[in-house]
């Protein structure tokens, strides 16, 4: 059988289809769908491989983000529906109703994949922005999520309007009547969006900030800011998701100022046993004068007291009328001098040792200063070293720390052993560097 005979037979069969219009139209649609799928595959292959070649150029490296988020994949998926949409007029024996119905379906698929392509484009732009310097201080993830939500809502409305062959404005007017229900359903979304705008515009929160929200058990670093939630990774590596609107309706602590200042505050008290507070004897004054951290203070203080006592005349012979140095005041001066000479304490920030109100737990002596580092581990080491030394040096001034009686203290008291108090006759104070 030669080629001519085959061609004649094919023409005969195709002509016979004119007597069966439904079969004719069905075969035409099958052929159209097959061509559409084939062209879709070809378009996808050409587009993807062409973009991959272009993305190898340094100036076009951003195309890799588009490929990763499948922007061009979604665009290539619109080719089959476009082929069907414009190829329906070539299908013979197809009724006007079927052509209109299939055309609306193809148009709906085209709109769907274009909408998905725009959503993928927004994700790609978010990835590109995340690599910039501004992304460290300003997160736009919430805005992108809101834009995608609006895109999908309006896209869904247009698709439904296309399928039912009605104007999208008709459906939008129906949504206006349902505004109360929409506000109720998307209440958290609207509140979170407004809160996110306020947090970002007022620079109250950034990715990487250390925040503390005790109401929800959050104490750690902000790892993500989205439209609905703010994710905080606690120091125990747990993740806490906080609704964005709660950060505006409730208070939270942001430690960014401490990190930017370059110093972290130490604010802790030593509780001194008030029974050990007394005036210094002359031999103690002479001994403490030899301490290099107290030499200037002792000389200045003794000159001040001597001048004041001499101005009082004979009445200064009575102890109650005479000003004398105390062991607690001298220790306070020593602790302040120790802090100012410490290499890990920030000299340009507030540094003081203050006496708080005396209570049932003794005399609180508060250490208030800032370290040179904000690293947590280093901060705790510095703070521990300072208080270790101050606790160890307290007996040199005849002072002791107040603490509740333990079981051993009770047994010693019942057995008549008594409680050992710090002695005023103690060896010389070691150098602060010996801690």
Nearest 10, in degrees from 0 to 90: the angle of helix 141-163 to the longest Cα principal axis of the chain is 20 degrees
Under a 10 Å cutoff between Cα atoms, tell me which one of 302, 404, 233 has the largest fluctuation in the Gaussian network model of the chain.
404
Debye equation applied to the C-alpha atoms of segment 188-287, log10 I(q)/I(0) at 0.20 Å⁻¹:
-1.01
What residue among 197, 42, 84 has the largest mean-square fluctuation in a Gaussian network model of the chain, using Cα springs under 10 Å?
42
What are the principal axis extents of the Cα atoms in segment 253-318, in Å, biggest first?
60, 28, 25
Across 5 Å bins from the origin, how do the percents of Cα pairs in segment 13-185 run, short distances first?
1, 8, 12, 13, 14, 13, 12, 10, 8, 5, 2, 1, 1, 0, 0
Binned Cα-Cα distance frequencies in segment 245-388 - 10 Å width, integer %
10, 29, 30, 18, 8, 4, 1, 0
Please compute P(r) over all alpha-carbon pairs of the chain, binned at 10 Å starting from zero, and give each bin as a whole-number percent.
4, 12, 15, 14, 12, 10, 8, 8, 6, 5, 3, 2, 1, 0, 0
Tell me the angle of helix 21-55 to the major Cα principal axis of the chain, expressed in degrees between 0 and 90 and rounded to the nearest ten.
40 degrees
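Can you put 268, 74, 281 in order of Cβ neighbours within 10 angstrom, beginning with the fewest?
If I rank by nearby Cβ atoms, fewest first, I get 268, 281, 74.
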What is the order of 369, 351, fewest Cβ neighbours within 10 Å to most?
351, 369
Rank 321, 202, 254 by mean-square fluctuation in a GNM of the chain with C-alpha springs under 10 angstrom and give only the top-ranked residue.
321
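What is the percent of Cα-Cα separations in segment 204-258 that go past 14 Å?
Working: 658 of 1485 pairs.
Cα-Cα pairs of segment 204-258 separated by over 14 Å account for 44 percent.
Across all directions of projection, what mean area in square nanometres is found for the Cα convex hull of segment 64-158?
Over every viewing direction, the Cα hull of segment 64-158 projects on average to 6.9 nm².
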To the nearest 10 degrees, the tilt of helix 78-87 (Cα long axis) against the first principal axis of the alpha carbons of the chain is 20 degrees
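Throughout, read-outs are computed from the coordinates displayed, never taken from laboratory work. Keep in mind the model is a prediction, meaning the values are calculated, not measured. A quick note on method: Cβ atoms are made from the backbone with ideal geometry, for glycine too, and the neighbour counts reach across all protein chains shown.
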